[in-house]
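A quick write-up on the structure given underneath.
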Amino acid sequence: MSVVNTGTGRPSALEISQLHTWYGESHILHDVNLKVEQGEVVTLLGRNGAGRTTTLRAIMGLTGARTGSIKVNGVEAVGLPTHRIAHLGIGYCPEERGIFSSLSTEENLLLPPKLAGEKGMSIEEIYAMFPNLQERRHSQGTRLSGGEQQMLAVARILRTGARLLLLDEISEGLAPVIVQGLARMITTLKAKGYTIVMVEQNFRFAAPLADRFYVMEHGQIVETFAASELDAKMPVLTELLGV
């Protein structure tokens, strides 16, 4: 096992080097390189089809062939099956959310097992963060609103003890008041030391939350910059994203 030294005595939460990914014969990701330090919020920006979701799926081993390196907390994961990757402490929240419609909110919440050696958030802590879920704890998944389903999808990960969260378009299609609640959630999780990688089309939602940004185009990283550089990068973002 190789460990990436960040100079802090801890490995990076995530380090991707020279990643290439395929779906069948289609070559989707081309030499992707990115790094996320412990406790950072990093956002992947780009137009639809740029490769952002595929990057998250590649981290979890959910694509076709992969070459290159994906280190999670210093552990090489590119050759591991998905269930082993999850046990490295990653929680993946896909765009489709994956709520079980026949189960109640609380049954959905309790379904995933906790990671070995990780405490995870208690039900009480989760309900304190998401009071809507406590109110709807006996409701079936099909009866939850889109915003409540999104809260449940994230809450389910937090209970497992995962500390590296991969969030795919969590604000998409939701009412502004729900989006504001998700922004507060990310701010709270960052304060608790969670590491978050977000794929977001909603630039207004992502911009105030992220420490750093990566911009993808045609399966490649074409720009990377810190939050402090955001104003200076706006002309480039307008050209690349139309923001």
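The values are calculated or read from the model by the stated rules, or taken from the named source; none is laboratory data. A quick note: this is a predicted structure, and the numbers were derived from the prediction, not measured. Cβ sites come from the backbone with ideal geometry, for glycine too, and all protein chains shown count toward neighbours. Quick note on the areas: whole protein, heavy atoms, side chains included, nothing else; ligands and nucleic acids left out. Shrake-Rupley method; radii C 1.70, N 1.55, O 1.52, S 1.80 Å.
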Count of region 118-130 residues which are out of contact with any Gly (no Cβ under 8 Å at 6 or more places or on another chain) and surrounded by fewer than 15 Cβ atoms within 10 Å (Cβ to Cβ): 4
Residue in region 161-172 that is surrounded by fewer than 16 Cβ atoms within 10 Å (Cβ to Cβ) and free of Cβ contacts under 8 Å to residues at least 40 places away in the same chain present: no
Scope region 43-70; condition open to solvent by 40 Å² or more (accessible area, probe 1.4 Å) and at negative phi; matching residues: Arg47, Asn48, Thr53, Arg57, Leu62, Ala65, Arg66, Thr67
Candidate set from region 206-226 (those that are assigned to a loop (DSSP other than H, G, I, E, B) and within 21 Å of Ile28 (Cβ to Cβ)); member that is most open to solvent (accessible area, probe 1.4 Å): His218
Single residue of region 195-205 satisfying the filter (modelled with pLDDT of 90 or more and outside any strand (DSSP E or B)) that is nearest to Leu166 (Cα to Cα): Glu200
The lone exception for Ile123 - which of (1) within 24 Å of Gln38 (Cα to Cα); (2) out of contact with any Leu (no Cβ under 6 Å at 6 or more places or on another chain) it fails: (1)
Residue pairs meeting the criteria (Cβ under 6 Å; at least 6 apart or on separate chains; first in contact (Cβ under 8 Å) with a residue 24 or more places away in the chain and assigned to a helix (DSSP H, G or I), in region 133-147; second among the aromatic types (Phe, Trp, Tyr) and open to solvent by 30 Å² or more (accessible area, probe 1.4 Å)): Gly141/Phe100
Contacts under 6 angstrom Cβ, first residue in region 74-88 being farther than 16 Å from Ser12 by Cα, partner open to solvent by less than 40 Å² (accessible area, probe 1.4 Å) and of a type in the set (Gly, Ala, Ser), 6 or more apart: Thr82/Gly61
Near pairs, Cβ below 9 angstrom, 6+ apart or cross-chain, from region 182-201 (at positive phi) to any residue that is open to solvent by 70 Å² or more (accessible area, probe 1.4 Å): Gly193/Arg163
Tally, over region 189-226, of residues that are farther than 24 Å from Met129 by Cβ and of a type in the set (A, V, I, L, M, F, W, C): 8
For Thr53: the one exception among (1) free of Cβ contacts under 8 Å to residues at least 60 places away in the same chain; (2) among the β-branched types (Val, Ile, Thr); (3) touching a strand residue (DSSP E or B) at 6+ places or on another chain (Cβ under 8 Å); (4) under 20 Å from Ala153 (Cα atoms): (1)
Wholly enclosed helices (runs of 4 or more DSSP H) of region 1-119 bearing at least 1 residues within 26 Å of Leu240 (Cβ to Cβ) and at pLDDT 95 or above: 52-59
